[in-house]
Amino acid sequence: MANSRRHHFAAKFYQKNFAEPIFSKHIRVYEADTRKWNSGPITPHGIGWFPHLYSMINDAGERTDEFENFLQQHVDGPADRAMKVAAEQPDNLTDEQRATIALFIGFAAARSPSMMNSTRDRYFEKAPTEKINDLEQVVRMWCGATNQSYSDTSMRDFMKPSQLRSMIIWAASIQERLLAWKWTFIRASRENPFITSDWPVFAEHHAEEDIHIMSFPISSEVAVIINSSGEIRTDISQDDGVRAMNLQTLERAQHFVICHQDSFPGDESLKHWPIANA
């Protein structure tokens, strides 16, 4: 049976890396819906979740927390400890801790509602009409077998187990690539911090040079750039580097931004954000 309703795609421990003080529950959140920073207290418990995002329907027609438990045991739990080291002493990470963080980044890229919805939408855009009609009939039979009423969410619930299995495979493939590439940690000050968001992994591929680059904010004061070429620019100042990192985070963000204060390098771009929904 499902015991939880709030499934966090922005892990609560991860949000605490951007709190004041660090690792506490005191965060600042700028939301796209209100276009302002929260006026009252807010904690990681109340942000970055979606109802029953990872729950699945078993053969008895009951919601289960199996995938949520998997994330806690194999992804978020181990990453909590490793990310604390990365937030304070990233150069002291062990190979095991780095692998744990790489897997967490892989899941962070894949587990948001926006990514899950876009993946499902792309499937239906490409699938022939006949196949979709056949699938609908299968879903109706599945609803009957599990004593559920057919509804607008039945197709999503039926596809959820396959979608979550695909997420594991994709995250593991990202982890493998990240561990083969060069990691460079960049720093920010407490006064001019990094931010994070509902979709914090930024990735791009430069086709002409065949170079892959991925960036990920670890905490208010540490971020990592991982690339396949082994080289990054060293001719920019810390302030410019932090601003560039924050703008990359904003480029992917769609619903909220998290910081430990109401200002950050690049915050003037909030008036044009969210870019993806413009």
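The values are calculated or read from the model by the stated rules, or taken from the named source; none is laboratory data. It should be emphasised that the depicted structure is a prediction, and the values quoted were computed from it without experimental measurement. Here the Cβ is made from the backbone with ideal geometry for all residues, glycine too, and neighbour counts use every protein chain on show. Each accessible area value is taken on the protein alone, full model and side chains, heavy atoms only, with ligands, DNA and RNA left out. Shrake-Rupley method; radii C 1.70, N 1.55, O 1.52, S 1.80 Å.
Which entry in (i) 22.8; (ii) 21.0; (iii) 20.0 is this structure's computed Kirkwood radius over Cα pairs in Å?
Matching the structure shown: (iii).
Keeping every protein chain present and rolling a 1.4 Å probe, give me the accessible area per residue for the stretch 6-271 in Å².
50
Find how many whole Å separate the alpha carbon centroid of the stretch 119-138 from the alpha carbon centroid of the stretch 78-111.
37
Run the reach check for K12 against lysines, Cα to Cα strictly under 19 Å, same-chain hits fewer than 8 apart removed. What comes back?
Straight-distance partners of K12: K25, K84.
Label R190 and R6 with points 7 Å out from Cα along Cα→Cβ: what is the distance between them in nm?
A separation of 2.7 nm, rounded to one decimal place.
What nm value, rounded to one decimal, do you get for the distance between W183 and A32 when each label is placed 7 Å out toward the C-beta?
3.0
With all protein chains present, how much of the accessible area of the chain (probe radius 1.4 Å) comes from carbon and sulfur, to the nearest whole percent?
The computed percentage sits at 49.
For the stretch 74-138, just say rounded, prolate or oblate: build the C-alpha gyration tensor, square-root its eigenvalues into a ≥ b ≥ c, call rounded for a/c under 1.5, and beyond that prolate if a/b exceeds b/c, oblate if not.
prolate
When Lys and Arg each count +1 and Asp and Glu each count -1, what net charge do the other residues less than 10 Å away from Q163, Cβ to Cβ, add up to?
Cβ neighbours under 10 Å give a net charge of +4.
Could you tell me the calculated FRET efficiency between D262 and Q72, based on Cβ-Cβ distance and R0 = 41 angstrom, to the nearest 0.05?
E between D262 and Q72, to the nearest 0.05, is 0.85.
Does the stretch 146-197 classify as rounded, prolate or oblate by the C-alpha gyration tensor (a ≥ b ≥ c root eigenvalues; a/c under 1.5 gives rounded; else a/b over b/c gives prolate, otherwise oblate)?
oblate
Could you work out how much longer the chain between S118 and Q89 gets when fully extended? Use 0.36 nm per residue separation minus the Cα distance between them, nm to one decimal.
Once the chain is fully extended between S118 and Q89, it gains 6.8 nm.
With a/c under 1.5 counting as rounded, go ahead and sort the stretch 31-110 into rounded, prolate or oblate using the C-alpha gyration tensor (a ≥ b ≥ c being the square roots of the eigenvalues; past the cut-off, prolate if a/b is larger than b/c, else oblate).
oblate
Give the angle, between 0 and 90 degrees and rounded to the nearest 10, that separates the Cα long axis of helix 129-145 from the longest principal axis of the Cα atoms of the chain.
Here the helix axis deviates by roughly 70 degrees.
Using the Cβ atoms and a cut-off under 15 Å, what net charge is assigned to the surroundings of T43, where Lys and Arg are +1 and Asp and Glu are -1?
+3
So how tilted is helix 95-110 from the main axis of the chain? Cα-based, degrees 0 to 90, rounded to 10.
The helix 95-110 is inclined about 60 degrees to the chain.
Once every DSSP H run of n ≥ 4 in the chain is given -39500 (n - 2.57) and the sum is divided by its residues, what mean residue ellipticity at 222 nm do you get, rounded to the nearest 500 deg cm²/dmol?
Roughly -13000 deg cm²/dmol at 222 nm, from the helical runs in the chain.
Run the numbers on the chain and let me know its relative contact order in percent, using alpha-carbon pairs under 8 Å that are six or more apart.
Result for the chain is 22 percent.
Multiply the residue gap between E20 and K131 by 0.36 nm, knock off their C-alpha separation, and tell me the result in nm, one decimal place.
Between E20 and K131, full extension yields 34.8 nm more.
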